[in-house]
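Here is the structure we will look at.
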Amino acid sequence: MNMLLVYTLLNKTYYIDSGMILDAIEHSSTFNLIHLKTMIKVDIFIPGDTSYENETFRRKKLDSFPEEKTALFFCSSEDIIINKLNWYKKGNMVSERQWTDIIGVVRVQYKSLDLEYLKKWTKQLGLEELLTKCFHDAGYRI
């Protein structure tokens, strides 16, 4: 899908920074959209070509905001946790915002999380200790 088409489909409903999008596509990184009606920030991941990123893309879920016609693919809760742990680690583990987001996802989604999936990929990505710590900080054991 080309950039102009994406912009045309989303610009009436979301705040979009086309420069951020182009940079994210070029570097297989991330950008965000802001849903204008609710002011909810949506993180968009541009997958690279690793085993984990391929698995994340395979597990995506189609959903939309209430009363919106545009559906988007969303990461699973597990992949949100893993991606945010990875960002947190890459950012020298100083981002309070990333850590708070991670703890929030664990608290809200705990009963439905696939713990084996989380353990498998955090081990492969070198994030095991952070996974244990975030569960502890959320009030759970893993």
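The table for this structure:
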quantity	calculated
Calculated Rg and Dmax of the Cα atoms in Å (choose from [x] 15.4, 43; [y] 15.8, 46; [z] 28.1, 84), label	[y]
Amide hydrogen neighbours beyond the local backbone of PHE74, cut-off 5 Å, H modeled	LYS61, LEU62, ASP63
Relative contact order, percent, segment 76-142 [alpha-carbon distance under 8 Å, six or more residues apart]	37
Lysines whose Cα lies under 30 Å from that of LYS90, excluding same-chain neighbours fewer than 8 positions away	LYS41, LYS60, LYS61, LYS111, LYS119, LYS120, LYS123, LYS133
Built amide H within the under 5 Å cut-off of ASN32, gap 5+	ILE44
Helical contribution to [θ] at 222 nm, DSSP H n ≥ 4, -39,500 (n - 2.57), averaged over the chain, rounded to 500	-16000 deg cm²/dmol
Cβ crowding within 10 Å averaged over residues, with 22-33, 90-101, 116-127 ranked highest first	116-127, 22-33, 90-101
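We did not get these values from a lab; they are worked out from the coordinates using the rules stated. Being a predicted model, the structure only gives us computed values, none of them experimental. Heads up, the Cβs are rebuilt from the backbone with ideal geometry, glycines too, and the neighbour counts pull from every protein chain shown.
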